[in-house]
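Asker: Submitted below is the structure of interest, expressed as structure tokens.
Here, each number is a calculation from the coordinates, and none is a lab measurement. Please read all numbers here as calculations on a predicted model, not as lab measurements. Cβ coordinates were reconstructed from backbone atoms using ideal geometry, including for glycine residues, and neighbour counts include every protein chain displayed.
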């Protein structure tokens, strides 16, 4: 990659973006609410016939039109897009609840597929990577634990002890996104394989655990502001003497952090790209509401500070997008250490910006904004959670500050 920073829409991605945006606006968004309403029909954690019909028909159309697995950046298996190019597609996907899944670009599957592609053995790839790439199964990533401050991942304590040709796992995980989905067939789990006498970042490993094997108990779905996120969900899971083959350990004992940093970097950017898309959609809804609704004899747009609110939303979205593209460009340069503070910056900035814009859109809609009649309440709930996912704001600010201070001192900060 050249040193020149080009953050624009490339000739290669422009037609893809147009096709994705068209499908989002005309086919996916109109079915979002019907899909979500089906959750209350029957078992919340199994897709209804209508949900399957909606999702599979959309996925088939996307696949038939070659709109599939865009996230495979810098790979000969996908389009070979750069992270900057993918950013424009992910932003469009963020506007619809089903957007990412329709194009097989959902978290946590994208990061898990990268891990399986990079570190899985042939058998792992046949059993789990291939069906994931085809959109036939889902996966979950299990890292956070209820009894430790998992924002410091060195605290992760799930026991993983080797006994002969097997590893035995004991402990609990929570906020295991996607583990409630009946299509979830594989967990990638962060475990502790060494004692406290080992170097701090060499105590942990990543291991593959098939969903539903003996000793795994799903204790409860975690609720986010009172909603359980079915049929996807964030589960609290107990492992009691769960046994998996030694061959399921990825890369080797003590290399969990090495794998997790490679996995989480792209995922953080993807989340931020989609948050920007949600902010764009919230602003669109806000503008339409302000022009179509009247109070005190005037359209809402002309009342109070609504001009300023709309203008500020536009400017904040543009600033966040440029920072996100810069972070994506830094990642494309191939130096993960240099990209890290930029990823941390956007991980703080994008969700905060999107929350402000969504909240102002809620305000413009009045009572409808907090009701089930618009997607705004659900969007706010999702983006507020994003401020905690993949590291809370305070941790990312600490990384940004350390990087900044390092320029002015030779001492460890």
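Asker: P(r) tail for the chain, what percent of Cα pairs lie past 35 Å?
Answerer: 28
Asker: How large is the helix-only mean residue ellipticity at 222 nm for the chain, computed as the sum of -39500 (n - 2.57) over DSSP H runs with n ≥ 4, divided by its residue count, in deg cm²/dmol to the nearest 500?
Answerer: So the helix-based figure for the chain works out to -14500 deg cm²/dmol.
Asker: While we're looking at this one, here's another question. Taking the 0 to 90 degree range and rounding to the nearest ten, how far is the long axis of helix 336-365 tilted relative to the main principal axis of the chain, both from C-alpha atoms?
Answerer: Roughly 40 degrees, rounded to the nearest 10.
Asker: Moving to a separate point now. Once the cut-off is 25 Å, how many percent of the Cα-Cα pairs in the range 138-254 end up in the long-distance tail?
Answerer: Result: 19 percent of Cα pairs exceed 25 Å.
Asker: Just to confirm the number: angle between the C-alpha axis of helix 256-292 and the first principal axis of the chain, 0 to 90 degrees, nearest 10?
Answerer: Value to nearest ten degrees: 20.
Asker: Students often get this wrong: which residues of the range 146-171 have the backbone nitrogen under 18 Å from the point 7 angstrom along Cα-to-C-beta of residue 219?
Answerer: Zone members listed by number: 146-151, 155-160, 169-171.
Asker: Sort 190-198, 202-210 by packing, meaning the average of other beta carbons within 10 Å per residue, with the highest value first.
Answerer: In descending order of packing, they fall as 202-210, 190-198.
Asker: Going by average Cβ neighbours within 10 Å, how do the peptides 92-98, 365-371, 316-322, 162-168 rank, with the highest at the top?
Answerer: Per-residue Cβ counts within 10 Å, averaged per peptide and sorted highest first, yield 92-98, 316-322, 365-371, 162-168.
Asker: In nm, to one decimal, how far is the residue 53 label point from the residue 294 one, both placed 7 Å along Cα→Cβ?
Answerer: 4.2
Asker: So, R0 is 30 Å and r is the distance between the beta-carbons of residue 161 and residue 261; what FRET efficiency does that work out to, to 0.05?
Answerer: Step by step, r from the Cβ atoms, then E = 0.75.
Asker: With a/c under 1.5 counting as rounded, go ahead and sort the range 216-285 into rounded, prolate or oblate using the C-alpha gyration tensor (a ≥ b ≥ c being the square roots of the eigenvalues; past the cut-off, prolate if a/b is larger than b/c, else oblate).
Answerer: oblate
Asker: Which angle between 0 and 90 degrees, to the nearest 10, do you get for helix 393-406 versus the longest principal axis of the chain when only C-alpha atoms count?
Answerer: 80
Asker: Next question. Work out the FRET efficiency for residue 302 and residue 60 from their Cβ-Cβ distance, taking R0 = 45 Å, and round it to the nearest 0.05.
Answerer: 0.45
Asker: Quick one: 272, 184, 287, 324, fewest Cβ neighbours within 10 Å first, how do they rank?
Answerer: Ascending number of Cβ neighbours within 10 Å: 287, 184, 324, 272.
Asker: Using 0.36 nm per residue of separation minus the Cα-Cα distance, give me the extension gain between residue 394 and residue 12 in nm, one decimal.
Answerer: Full extension from residue 394 to residue 12 adds 133.8 nm.
Asker: Provide 307, 86, 408 in ascending order of the number of other Cβ atoms located within 10 Å of each residue's Cβ, fewest first.
Answerer: Arranged by neighbour count, lowest to highest, 307, 86, 408 become 408, 307, 86.
Asker: Still on this structure, please answer the following. Beyond 15 Å, what share of the Cα-Cα pairs of the range 304-376 remains, rounded to the nearest whole percent?
Answerer: Percentage above 15 Å: 61.
Asker: Quick one: the Cα spread of the range 1-154 along its three principal axes, in angstroms, biggest first?
Answerer: 55, 45, 34
Asker: Once Rh for the range 257-406 is found with the Kirkwood sum over Cα pairs, what is the Stokes-Einstein diffusion coefficient at 20 °C and 1.002 mPa s, in µm²/s?
Answerer: Calculated translational D: 131 µm²/s.
Asker: Counting just the Cα atoms, what span does the range 14-105 cover along each of its three principal axes? Round to the nearest Å and put the largest first.
Answerer: So the three principal-axis extents are 42, 23, 20 Å.
Asker: What is the calculated FRET efficiency for residue 22 to residue 227, with r their C-beta to C-beta distance and R₀ = 22 Å, to the nearest 0.05?
Answerer: Approximately 0.15, to the nearest 0.05.
Asker: Continuing with this model, one more query. Which residue fluctuates the most in the chain, going by a Gaussian network model with Cα springs under 10 Å, if the choices are 286, 364, 315?
Answerer: 315
Asker: Let me ask something else about it. Label-point separation (nm) for residue 136 and residue 121, each offset 7 Å from Cα along Cα-to-Cβ?
Answerer: 2.2
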